[in-house]
Amino acid sequence: MMHTTTNKKVNQEQLAVLHDFVAKHVQYYDVQSELVDHMANGIEAVWQEDTAVSFNEAFRNEIKKFGVSGFRRIAEEREIALKKRYNKIIFKHLLSFFKLPRIIGSLLAMYAVFLLFTNYSEVLLGVTNKIIVAVISIMIGLMLFKKYRQQKSGRKFIFKEYIFNYGVSSIFIQIPLNLIIFSPRSVGGYYAAAYSVLFVVLLLYLYIVVVYIPKNADKYLNEVYPAYELMQQA
């Protein structure tokens, strides 16, 4: 018996079923939406061939295509792609501090740090631990605040996670550097120069990931997700 082909579509109720199923295996809403669209297209493709196939049967076939591990694999691929995009944004802004006219300020900052560590190493040695504790306390506070702000929408997006969590938590890359103990004999020459460059670069990096990118989060989220505002309200 031949079945007539039509433009039979997945309805809103059926889309909700797909969303509920995918949400059990994938935590990020953007990946959920991508998977639901993919599965809905697969079901509609089946209906193009045979409209007699029920939604449940077509749905089960789509699940078999992916497998539960397949959902996780797709989510991981999406995370990797967006992490690369996030890192490119960081690199772009970091590079801007080493182009005119900003490079002048960056070089002056490096020279100032160099002078501090070559002329006042004993004083710096006495306050280093206090600075570390203060910086860590402030950054933990910022991390908790931004975590709260991120969760207000009730939906998790991969890129939003990077902006408000991954970047802020990277403050701890500075701890090993700050824990280096400098004695008057060890600070000087090329060692101090190299440390000064690294110190300023890390400060610029932290400014970008802790302040600049989160401050402009809406801009970047709308670039990554063209329908981001609608996805938030849906």
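Values quoted throughout were computed directly from the atomic coordinates according to the rules given, and no laboratory measurement underlies them. A quick note: this is a predicted structure, and the numbers were derived from the prediction, not measured. With ideal geometry, Cβ positions are generated from the backbone for all residues, glycine too; neighbour counts draw on all protein chains shown.
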*Within the set LYS64/LYS84; LYS24/LYS64; LYS24/LYS65, which residue pairs have Cα atoms separated by over 27 Å?*
LYS64/LYS84
*Provide the gained length on full extension for the span LEU107 to GLU44, in nm with one decimal, where the gain is 0.36 nm per separating residue minus the Cα-Cα distance.*
16.7 nm
_For LYS156, give me every one of the aspartates and glutamates with a C-alpha distance below 12 angstrom, ignoring sequence neighbours fewer than eight places off in its own chain._
ASP30
*Ranked from highest to lowest mean number of other Cβ atoms within 10 Å per residue, what is the order of the peptides 101-108, 19-26?*
19-26, 101-108
